[in-house]
Amino acid sequence: MPENAAAEPEGGGGPPLATVPPAGGGSPGLSRISAAREVAPLVGGIGACGLVTAFLNSTASLFLVDAVRAAPLLIGLFFAARGAVSIVVSLGAGAVSDRLPDRRLLLVIGGVGGAIGGVCFAELRGYVAVLVTGAVFFSIGGVTFNQLFAYANDYARARERPVTSFTMAVRSVFSASWVIGPPAGIFLLTKFGFGPLYLTVGGLCLVTAALGLGLRRLPAPPAPAARAAPRSAAFLSLPGRTWLLLGALVALGVVNQMYNIDIALYVTKTLHLETQLVGWIVGLGAALEIPIMIVAGRFADRFGKLRVVVASAVGAIVFFCLLPLARSVAPLLALQVLNAAWTAVALSIPMVMIQEEAPGGAGAGAALYSTTFMSASLLAGAVTGVTATAIGYGNVFWVCAGLSVFATGLLVARAVRGTGRRGGGAGVLPGGGGAGDDVRSAGASRQRAVRVATVAGQPGGDEGVRDSGMTVPDEQGRLQGDGHGFGQPAGGRLGGIGRLLAQPRDRVVEASVGARRQVELGEERLRGLGLAGQRAQRVERRDVARTFPDRPERRLAVEPGQP
C-alpha cells in the first residue's frame, strides 16, 4: 500500500491512526490530549459493553425464574443454547474481522443485535420465544466484546505500548462497569421491573455501536505469508501447551459462569436474603478486581503470565470451598476479595497469552479466547441445571471447586511441559506467554535442535543455526560437518527430519517449534521496523515543513534517482 494511502480517512471516526504524530514528538501536553481522544471511544465502548453484560448476567437467572417461570433444568438449557450459538457467531466474526479493512462494521452489527435482544426480553415472556431471541440476538451482541478487545490489541501494537499492561488497563474499565452495573441493574429491577431494565440494556447496546464508529481506523497490519493457510487448519496446528491453556480456560470459564448463574438463586432462594444483596456482592467483587487487575498485569510481565494464572486457579479452589459455608451477609461480602483475586487474573491475562500463540490476527485470537468462554457457557448451563435440580443451589459451588482443581492440573501440566522443553531450567513454573519467554524458548529449542541433529548422525547442525542468524555457545560452534541444518532449504530440512525421526518424538517437536518461533519473531521485528520507518518519515516531513516551507517534497535530502 502506498505510504500516503494509510493517511487518507475512510468513513467516520476521524483519520486513521497513522496520521497522528508519535507520542515523542510535539508538545507533551498535546500528545497526551491526542492520546486521550484516541482512547476515549474505546474506553466508553468497553464501559457500555460491561454494563450490558453486568445487567444481563446479574438478572438473567432471576428473569427466567420469576418472569418466565422456568424450572432449574430449563434455566440450564437456556444458557447452554446461548453458549452454543455464541460459539458459531464468535468464530465466524473472528474469521471475518481480520479480513475486513475496518472493525467498526462488526461493532455496529453487534450493537444493533444486542439492542434487538434487549427489546425482545422486555416484551416476551414465553420460554421458547425468550430462548430463541436471547440465544440469537445476544450472541450477535457479544461480537462487540471480541472486537473491542481486538482493537485494543491492535492499538497497543500500533502505538508501541506494552500489550499486556494496556489490555489489563482496558480490562479494568470493563470491571469498573461491573462495580455499578449489578447494583444499578437490581435497582432497576426492584423499582421498575424487567421491561425497563432490558430496554436500558438495548439502549446501552446502541451506545456501544455509536462509540465504535468513533474509533480511529488503524492501518491494517501486513498479513504474514506463513499464516496464509486455512484458519481451521491453523487452529488444529496449535501446539499442545496452547491446548492445555485453552482446556484450563474452559474449566475456569465453566466455574465463572456457574457462579454467575447460581449466586443470585443461592442468595434469594436458599439463604432467603434480599435481592439487592446480589447486586452488592457482584459489585463489590468487580470493584476489588480493578486494582488487582492493574497490579497483576505488571507482575505478569515481571514474573511470568503462567505463574500468575496458576496462582489465580488455586485462589478459585479456596474461594469455592469456603463459599458454601458462608450463610450470612458478612462472610459473603468478605469472600469477594478471593473472588476478585482469581477472576481478575484468570479472565484477562490468558487473553494476551492466546493472542500471542494463536495463528492469525488479533481478531482471530480474541475470537478463540472468547470461544472458550462460549463453550464454558454451554457446559455451565447444562451442569448448573442438572446439579441444582439434583443437589440444590448451594452444592453447585462444590462442583465449581472440583473444576477449579482440574483447571489447576492442566495449567501445571502446561508448566511441566514447558519446563521439560526448556531442558529443566531454573524454576518450577516457566513464565510462558511473554515476548522475552518466547525469545529464550526459541533460542533453547534451536540449541537443542543442534544437539539432536548431532546425536542423530547429522553433523553440521551449527551451520544451519548460523544460516538462520542464531548464535550458539563455543562448544556447539565447534561441531563439524555439512549436514542439513534448520537454515537450509525445505528439501534439506526434510532430509534432516527423516533422520531425526529415530530420536524421541518430543525432541523432534521441540526442534520444529523452535524453528517456527524464529520465523514468527523475525516477522514481528520486520513489522516493528516498518512502523518505525513510517513514524520517522512523518516526523521528518513535519519538521521540514516548519523549517523549509518552500520545499514541496518535505524531505531533508533527496536520494539519487528520485525526483
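The values are calculated or read from the model by the stated rules, or taken from the named source; none is laboratory data. Everything numeric in this text was worked out from a predicted model, so none of it was measured. A quick note on method: Cβ atoms are made from the backbone with ideal geometry, for glycine too, and the neighbour counts reach across all protein chains shown.
Look at (1) assigned to a helix (DSSP H, G or I); (2) closer than 29 Å to residue 304 by Cβ and you find that residue 135 fails only one, number (2).
Only one entry in 171, 161 is assigned by TED's automatic domain parsing to the domain that holds residue 345, farther than 13 Å from residue 52 by Cβ and free of Cβ contacts under 8 Å to residues at least 24 places away in the same chain, namely 161. From the list 87, 109, the lone residue that is part of a helix (DSSP H, G or I) and either buried (at least 19 other Cβ atoms within 10 Å of the Cβ) or of a type in the set (Asp, Glu) (or both) is 87. Set side by side, the residues 141, 185, 195 differ, and just one is in the same structural domain as residue 300 (by TED's automatic domain parsing) and surrounded by fewer than 19 Cβ atoms within 10 Å (Cβ to Cβ), which is 195. Given the conditions (1) buried (at least 24 other Cβ atoms within 10 Å of the Cβ); (2) part of a loop (DSSP other than H, G, I, E, B), report the number of the one that residue 148 does not fulfil. With (1) buried (at least 24 other Cβ atoms within 10 Å of the Cβ); (2) part of a loop (DSSP other than H, G, I, E, B) applied to residue 148, the lone miss is (2).
Within the range 69-114, the only residue that satisfies the criterion of being in contact with a Lys or Arg (Cβ under 6 Å, 6 or more places away or on another chain) and among the hydrophobic types (A, V, I, L, M, F, W, C) is 95. Residues in the range 90-105 that are hydrophobic (A, V, I, L, M, F, W, C) and surrounded by fewer than 24 Cβ atoms within 10 Å (Cβ to Cβ): 91, 95, 96, 100, 105. The set of residues in the range 334-354 that are crowded, with 24+ Cβ neighbours inside 10 Å and among the polar types (S, T, N, Q) comprises 339, 343, 348.
Starting from residues that are in contact with a Leu (Cβ under 6 Å, 6 or more places away or on another chain) and more than 16 Å from residue 217 (Cα to Cα), keep the ones in the range 34-48 and report whichever is surrounded by the fewest Cβ atoms within 10 Å (Cβ to Cβ). Restricting to residues being in contact with a Leu (Cβ under 6 Å, 6 or more places away or on another chain) and more than 16 Å from residue 217 (Cα to Cα), the top hit is 44. Residue pairs whose Cβ atoms lie under 8 Å apart, separated by 6 or more positions or on different chains, with the first residue in the range 379-405 and outside any helix (DSSP H, G or I) and the second surrounded by 24 or more Cβ atoms within 10 Å (Cβ to Cβ) and of a type in the set (D, E, K, R), are 393/262.
Counted as qualifying within the range 254-342 are the helices (runs of 4 or more DSSP H) with 2 or more residues that are without any contact (Cβ under 8 Å) to a residue 40 or more places away in the chain and farther than 20 Å from residue 409 by Cα, namely 276-303, 329-334.
Answer with yes or no whether residue 150 is over 24 Å from residue 44 (Cα atoms) and in contact (Cβ under 8 Å) with a residue 12 or more places away in the chain. It is false that residue 150 is over 24 Å from residue 44 (Cα atoms) and in contact (Cβ under 8 Å) with a residue 12 or more places away in the chain. Counting the residues of the range 112-128 that are touching a residue at least 24 places away in the same chain (Cβ under 8 Å) and outside any helix (DSSP H, G or I) gives 2. For the range 261-275, check the following and say yes or no: at least one residue is of a type in the set (Gly, Ala, Ser), in the same structural domain as residue 349 (by TED's automatic domain parsing) and touching a Phe, Trp or Tyr at 6+ places or on another chain (Cβ under 6 Å). Within the range 261-275, none of the residues are of a type in the set (Gly, Ala, Ser), in the same structural domain as residue 349 (by TED's automatic domain parsing) and touching a Phe, Trp or Tyr at 6+ places or on another chain (Cβ under 6 Å).
For (1) under 18 Å from the mean Cα position of the chain (by Cα); (2) β-branched (Val, Ile, Thr); (3) on the phi > 0 side of the Ramachandran plot, each residue gets a yes or a no:
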site: 59; (1), (2), (3): no, yes, no
site: 68; (1), (2), (3): no, yes, no
site: 77; (1), (2), (3): no, no, no
site: 97; (1), (2), (3): yes, no, no
site: 107; (1), (2), (3): yes, no, no
site: 143; (1), (2), (3): yes, yes, no
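Only a single criterion out of (1) modelled with pLDDT of 80 or more; (2) not in a helix (DSSP H, G or I) is not satisfied by residue 102, namely (1). Within the range 306-314, one or more residues are buried (at least 19 other Cβ atoms within 10 Å of the Cβ) and polar (S, T, N, Q).
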